[in-house]
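> Below is the structure I would like to discuss, written out as structure tokens.
What follows is calculated from the coordinates using simple rules that are stated; it is not laboratory data. Keep in mind that this is a model prediction, so the values were computed, not measured. Cβ atoms come from the backbone with ideal geometry, glycine included; neighbour counts cover every protein chain shown.
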């Protein structure tokens, strides 16, 4: 049995269309995490949806951050980061760490429940899991930097209900 699918609208252009690319990628359902690190000016966090498991032996993952971002700078300097996978009730936290111009350092974490993880990066309370990592490799890719992290510590919460992101909206999955 075959199903009828509507044809995909496509546009052939000589230049890539970043708006259409963003729309296409927005249709991919992702989890939401906050990657944290700590530098000389204190802790920093950035909301991400680009998180991928890379290897089981040794355990490794990757995150992508804008090359020009302060978060990428802090991770480069610290050589460590923590991925905090957010729970379904943490959309406000995701929004906060995605806000441009929010305070840096300790002021950016004022009122945010957290503790310091094994690598020195903040571990956010209420996250469904966290992975403390040491940077194994940095790879420039377009306007982003891919950070490959070797996992030093894994923490799991009792609840595993994640926050999801799809087409510019947070989804609170059951």
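> Please rank 21, 170, fewest neighbouring Cβ atoms within 10 Å first, as an exposure proxy.
21, 170
> So for 118, 91, fewest C-beta neighbours within 10 Å to most, what's the order? If you can, show how the numbers build up before the last one.
Values: 118 13, 91 18.
Starting with the residue having the fewest Cβ neighbours, the order is 118, 91.
> Determine, from the Cβ-Cβ distance of residue 116 and residue 23 and an R0 of 25 Å, the FRET efficiency 1/(1 + (r/R0)^6), rounded to the nearest 0.05.
E(calc), rounded to 0.05, equals 0.05.
> Defining a contact as two alpha carbons under 8 Å apart and six or more residues distant in sequence, what relative contact order in percent does the stretch 31-166 show? Walk me through the numbers before you get to the answer.
Values: 315 pairs, mean separation 43.1, N = 136.
It comes to 32 percent, rounded to a whole number.
> Based on the Cβ-Cβ distance from residue 170 to residue 41, what FRET efficiency comes out when R0 is 30 Å, to the nearest 0.05? Intermediate values should be presented prior to the final figure.
Values: r = 29 Å, r/R0 = 0.96.
Working from the Cβ atoms, E equals 0.55.
> Let me ask something additional. Could you list 64, 133 so that the one with the fewest beta carbons within 10 Å of its beta carbon is first and the one with the most is last? Before the final figure, lay out each step's value.
Numbers: 64 20, 133 29.
Least crowded to most crowded, the residues run 64, 133.
> With all distinct Cα pairs included, what does the Kirkwood hydrodynamic radius of the stretch 31-166 come out to in Å, to one decimal, could you say?
For the stretch 31-166, the Kirkwood estimate is 14.5 Å.
> Between residue 160 and residue 143, what is the label-point separation in nm under the 7 Å Cα-to-beta-carbon projection?
3.7 nm
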